[in-house]
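Data first, discussion second: the structure below is written as C-alpha cells.
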Amino acid sequence: MAAFIPVPVFELVVFGASGDLALRKLYPSLFHRFCDGQVEAGSRIIGVARHELSREEFLQNVTNGFVNLAGGDANDPKFKEFLQILDYVAIDATNENADWSAMKALLSDDDSKVRVFYLSTPPAVFGGICRALKAQGIATDKSRVVLEKPLGRDLQSATAIHNAVGEVFSEDRVYRIDHYLGKETVQNLLVLRFANALFEPVWSRNGIDHIEITVAENIGVGSRGEYYDKSGAMRDMVQNHLLQLLCLVAMEPPASMDADAIRTEKIKVLRALDPIGEKEINEMTVRGQYKAGLVEGAAVKSYIEELTKEGAPPATSSTETFVAIKAFVNNWRWAGVPFYLRTGKRLAGRKSEIVVHFRTPPHHLFEGDYTTNKLVMRLQPDEGMEMWLQIKEPGPGGLRVKSVPLDLSYAETFTLRYPDAYERLLMDVVRGNLSLFMRRDEVEAAWVWVDRIINAWESEKVEPHLYAAGSDGPLAADLMMDRDKKSWSAI
Ligand code: BG6
C-alpha cells in the first residue's frame, strides 16, 4: 500500500490551459492524485488562456484530452467529481492592465492555501506573465511558480528568463521542471547509489571503464516540427534530460536529501564537464538527422518530409534529430572515464537506459573471451535493472565462463500503478519540495557546456549525418565507439 504524504490545500493556476502538455499530462496527473485522495477538499485548479471559452467548453477540452491523449474514461464518476474543482479564465496574461477581476474572484483570501502558477507557455512570455501577476497583486510573497522547458535556447536567453522571473519570485519559489527527474526509475538512481554500500567503492575510475546514457525514441517530430526545428536534439534533450541523468550517475553523495544539498552536488558535475570546442568537435560529437525508413514495420517519413508543409516545396533543415557525445567529467572520481551520451528520434525503439561497464578483472584467469560486469538501469519502458555477472556455464566441456544477468523487473516485482512523472512533481511543488527541480545556476551551467558545442558545430559547419528511420542512428556514432574499441548497447 502506497503512503501518500498529505499536501496542503492549494490553488493551481495553469497558464497555457488548453495546450498539449496541460491536456496530456497536467490534468490527468492531478486527476490521479485526486483519486488517490491526495488533493484536499477546497483545492482549485484554474486554467488560463487567451481563448474566450466558457467553463463548460473548457471542461469539454479537458475531457477530450483525458480520453484521447491520456486514455482516460470520461464516464468515470470520479472524473466528473474532479472536473468540479476546475475553472477557466480567458485573459491575455501578459497584459498588466487587462481586467483580472475574474481571476481575482476565483482566488481565495485564505493565506494558508498554497498558490501555484504553472507556466506551460512559450518561455518568451514567462517574464510578462510574472510582471502582470505582480502588478495585479496576485503573486503573493508565498506563491510559487513552475517553469516548463525550454528554459531558453542558450545561456543568454536563459539568463534573461531567470532575471525576469526573479524580479517577482525569489529563487526558493521557482520550480524549474525537468520531467525526467519525476520518473520513478530516475529517482531510483539516487537510492541505488546511496542506499547500497555495495556500489560506492567501485563507483569511480577505479571500478568503472565507461558509462553509456541512451534516451532513444521511435517517434518522429510529428506536429512539433516548428518548435523542434529551432531547437534540435541538443537543446530539446541533451541540455536537460541527458545532463540530469549524467549528474545523478556522477555526483558525489549529498550530505542530506535537502534540495540544495542535492542540487549543489549536481552543479559540481556540470561545472566539471570537459569543454568540447572546435578542436574536439568532430571526434567527440556526432549529429544526425533521420531519413525515411521503417519503424516497427511501418513506413515513416523523413524529418524533412515531416517539416514540409502541404503543397509547399520541400523544407530544408540541418537541425539534428540525433546526437551522440563522448563526455568527460574532469574530477578526482571520474578522470579518464568516458560517458557516452546518445539520444535521437525515429530510432529502432523507445528505450532509455544507463549502462555502467565495469573494468575487466586485472588478471585473465579463465580461457576464452568474457566480457566485463555491467549494470543496466532500464529507465523506460520495461523499467528495471540487470546486473551482468560472469558465471561458470554448468555442464561438461571444461570451465566455460558465461555472462548472465540478475534481472529485476519493476512490473514483476511491484504491482502498484505506475505514476506519471508529473504526478510526483506537481505534488512536490505543493509540498514545497525543490529536490527534483533545477536551480538557476544548474540550468545555466548546463547551457555553458551545451552552447560551446552548438557554437563549434556552427563555426565548423558540422552537418548532420543522415540515418534511416528505424535504425540505431548514424554510422558515425558507431565509428566514434569503434575508435575506442567499444560499442553501443543495441537499442
Ligand atoms: C520532452 C521533449 O522534454 O521529452 C520531447 O521535448 C521528448 O521531444 C520527450 O519526446 C520525451 O519524454 P519521455 O517522458 O516520453 O521520455
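Leaving out ligands and nucleic acids, note down the accessible area per residue over the chain with a 1.4 angstrom probe, in whole Å².
That works out to 45 Å² per residue.
With label points built 7 Å along Cα→Cβ from the Cα atoms of ASP92 and ARG359, find their separation and express it in nm.
Taking the simple label geometry, ASP92 and ARG359 are separated by 6.4 nm.
Can you sort SER112, SER29 by 1.4 Å-probe accessible area, starting with the largest?
SER112, SER29
What is the distance in Å between the Cα centroid of region 274-342 and that of region 103-125?
Here the two parts' Cα centres lie 38 Å apart.
Determine the shape class of region 350-491: with a ≥ b ≥ c the square roots of the Cα gyration tensor eigenvalues, call it rounded for a/c under 1.5, and otherwise prolate if a/b is greater than b/c, oblate otherwise.
oblate
Find out how many positive minus negative residues lie around MET257, taking Lys and Arg as positive, Asp and Glu as negative, among other residues whose Cβ is under 12 Å from that of MET257.
-2
Quick check on region 388-468: take the gyration tensor over C-alpha atoms, sort the square-rooted eigenvalues as a ≥ b ≥ c, and tell me if it's rounded (a/c under 1.5), prolate or oblate.
oblate
Give the carbon-plus-sulfur fraction of the accessible surface of region 169-245 in %, rounded to a whole number; probe 1.4 Å, heavy atoms of protein chains only.
54 percent
At a Förster distance of 35 Å, what's the computed FRET efficiency of ARG50 paired with SER112, Cβ-Cβ distance as r, to 0.05?
0.65
Using a simple spin-label model with points 7 Å from Cα along the Cα→Cβ vector, what separation in nm is obtained for GLU200 and SER318?
4.9 nm
What does the highest-first list of 393-405, 288-300 look like by mean Cβ count within 10 Å?
288-300, 393-405
Mean shadow of the chain, computed from the convex hull of its alpha carbons, in nm²?
26.5 nm²
Could you please report the charge total around LYS266, scoring K, R as +1 and D, E as -1 over all other residues with beta-carbon less than 12 angstrom from its beta-carbon?
-2
Taking the Cα atoms of region 105-250, what is the range of coordinates along each of the three principal axes, in descending order and whole Å?
Principal axes ranked by extent give 58, 39, 27 Å for the Cα atoms.
With the dipole of region 365-491 worked out from charges on the C-beta (+1 for Lys and Arg, -1 for Asp and Glu) around the Cα centre, which of LEU375, VAL401, TYR418 lies farthest toward the positive end?
The residue sitting farthest along the positive end of the dipole is VAL401.
In deg cm²/dmol and to the nearest 500, what is the mean residue ellipticity at 222 nm of the chain if only DSSP H runs of at least 4 residues count, each as -39500 (n - 2.57), divided by the residue total?
-9000 deg cm²/dmol
Return P(r) of region 5-78 (all Cα-Cα pairs; 10 Å bins starting at 0; whole %; ordered from short to long distances).
19, 51, 29, 1
Kindly identify region 38-92 as rounded, prolate or oblate by the Cα gyration tensor criterion: order the square roots of the eigenvalues as a ≥ b ≥ c, call it rounded if a/c is under 1.5, otherwise compare a/b with b/c, prolate if a/b is larger, else oblate.
Oblate.
Accessible area, 1.4 Å probe, largest first: how do GLU184, GLU306 sort?
My answer, sorted largest first, is GLU184, GLU306.
If we sort 191-198, 464-471 on the protection proxy, mean other Cβ atoms within 10 Å, highest first, what's the order?
Ranking the peptides 191-198, 464-471 by packing returns 464-471, 191-198.
Could you check what % of the DSSP bridge pairs in the chain are antiparallel, to the nearest 5?
Antiparallel bridges make up about 55 percent of those DSSP assigns within the chain.
Below 14 angstrom from the Cβ of LYS183, what's the summed charge of the other residues (Lys, Arg +1; Asp, Glu -1)?
-3
The values are calculated or read from the model by the stated rules, or taken from the named source; none is laboratory data. Keep in mind the model is a prediction, meaning the values are calculated, not measured. Here the Cβ is made from the backbone with ideal geometry for all residues, glycine too, and neighbour counts use every protein chain on show. Note: accessible area is taken over every heavy atom of the protein model, side chains too, but ligands, DNA and RNA are not part of it. Shrake-Rupley method; radii C 1.70, N 1.55, O 1.52, S 1.80 Å.
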